[in-house]
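The values are calculated or read from the model by the stated rules, or taken from the named source; none is laboratory data. Given the structure is predicted, the values throughout are model-derived calculations rather than measurements. A quick note on method: Cβ atoms are made from the backbone with ideal geometry, for glycine too, and the neighbour counts reach across all protein chains shown.
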Amino acid sequence: MDFEHSERSRLLQARVADFMDRHVYPAETLYHEQVKASGRHAQPPILESLKAMAREQGLWNLFLTGEHGPGLSNLEYAPVKEIMGRVLWAPEVFNCAAPNVGNMEILSRFGTPEQKARWLEPMLAGQFKSAFSMTEPAVASSDATNIRCEIRRDGDHYVINGRKWFTSDALNEACRLLIVMGKTDPDHPSVHKQQSMVLVPKDTPGVRIVRDIHVLGYDDAPNGHPEIHYDNVRVPVTNVLLGEGRGFEIAQARLGPGRIHHCMRLIGCAQRAVELMCQRASSRVAFGKLLAEQGSIREDIARSWCELQQARLLTLRAADKMDREGNKAARDLIAAAKVVVPAMACTVIDRAIQIHGGAGLSQDTFLAAAYTYARFMRIGDGPDQVHLAALGRQLLGEYGAAPAAGGAASAH
């Protein structure tokens, strides 16, 4: 792996960092004030203003390759997304926010020309948002074969019945599309061919938002993570993505890059937390001396920096392998990063909260919200245990069949 970022990536890093310095950081307080004033689920005006500025400056859809984006590789995009991740809502400024990113990617890859014209093109232009409706409250959704939501064919329509939750962004008033995963053929002999994904306009009759799901007390306004009841929701069969029985395949294609994008963003959170630790320790006096003069504080800062560097390198290694060998070949490193990075971010941000004292728990810094996000991502897109189990199986298959070269000789 080349440890020097490409010139294209370095240029975008500088431009995004400058945009963040000039426009995003100064708007952090205003953003939250406008969310509260707007009724919680409307897009704050400052966000729309920043989006227009970013698009005008060409800092738009940076995650997409080909005709819709700048053609960055995963390795080139990683440090750019890290800079965006320093403010939790900043990726949306550049039209690079989850879950919209994953939804645009699968529409770009798997959508029909008609689906792209109706949904993808306006989303690429930032005209509305979308949500991904997969997780269910009644089953362990980390195993997608457990999903029970029914998608039944009825003539030229599908009829959808089921309950979903953690459908992130679905409460936002700008959300107009739900991508729903359910079973079209529950009796298919292959459990990975039973599921399909269907495009459901949010205003379709029968789509009922039951409640918002809070994460450690946060409602994540204006986006939310609601529970949704699909009650005899009818959509045309032309709304299916790729075809019946292809839902699991699409999910795998979507979640691999999505997991790495979250890791990139969390590294940005952790980097900012380390910087805030240093600033706090260098300015706060306790018991007659600066916190920075306390040996335990210095150790916390140094250990955090070491752990952050390790996690960043692992993420870049995964991105590089995805670029060179494809997402499937990189599944070991993707799984490793998905376990390591959120855990690292939790630990580092927790130390930063501790150094800030009561302020670290308040809304006066981004730390409490960043910790909530990091802790959520130890479960979101698959809990740690699922990724560890899959990685363990893969490693046993690779190394467990025969003694490794250079291993201990047999005893005689």
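Things worth noting here:
- For the range 19-45, residues that are closer than 22 Å to residue 367 by Cα and assigned to a helix (DSSP H, G or I) total 18.
- Among the residues of the range 195-226, those identified as in contact with a Leu (Cβ under 8 Å, 6 or more places away or on another chain) and among the polar types (S, T, N, Q) are 196, 223.
- The single residue among 316, 391, 361, 333 that is within 24 Å of the chain's Cα centre (by Cα), closer than 16 Å to residue 264 by Cβ and free of Cβ contacts under 8 Å to residues at least 60 places away in the same chain turns out to be 333.
- Lone qualifier among 27, 52, 17 - being in contact with a Leu (Cβ under 8 Å, 6 or more places away or on another chain) and small (Gly, Ala, Ser): 27
- Checking 46, 83 one by one, the residue that is buried (at least 18 other Cβ atoms within 10 Å of the Cβ), touching a residue at least 60 places away in the same chain (Cβ under 8 Å), closer than 17 Å to residue 25 by Cβ and outside the structural domain of residue 214 (by TED's automatic domain parsing) is 83 and no other.
- For residue 133, the criteria (1) exposed (fewer than 15 other Cβ atoms within 10 Å of the Cβ); (2) modelled with pLDDT of 95 or more hold in every case but one, which is (1).
A quick yes/no check of all residues on (1) modelled with pLDDT under 95; (2) not hydroxyl-bearing (Ser, Thr, Tyr):
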{"residue": "74", "(1), (2)": "yes, yes"}
{"residue": "91", "(1), (2)": "no, yes"}
{"residue": "95", "(1), (2)": "no, yes"}
{"residue": "137", "(1), (2)": "no, yes"}
{"residue": "145", "(1), (2)": "yes, no"}
{"residue": "152", "(1), (2)": "no, yes"}
{"residue": "165", "(1), (2)": "no, yes"}
{"residue": "176", "(1), (2)": "no, yes"}
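- Pairs with Cβ under 8 Å, 6+ apart, first in the range 114-134 and in a strand (DSSP E or B), second among the small types (Gly, Ala, Ser): 129/174; 131/168; 131/170; 132/102; 132/168; 133/170
- Residue ID - farthest from residue 62 (Cα to Cα), chosen from residues in the range 18-31 that are crowded, with 17+ Cβ neighbours inside 10 Å and within 22 Å of the chain's Cα centre (by Cα): 31
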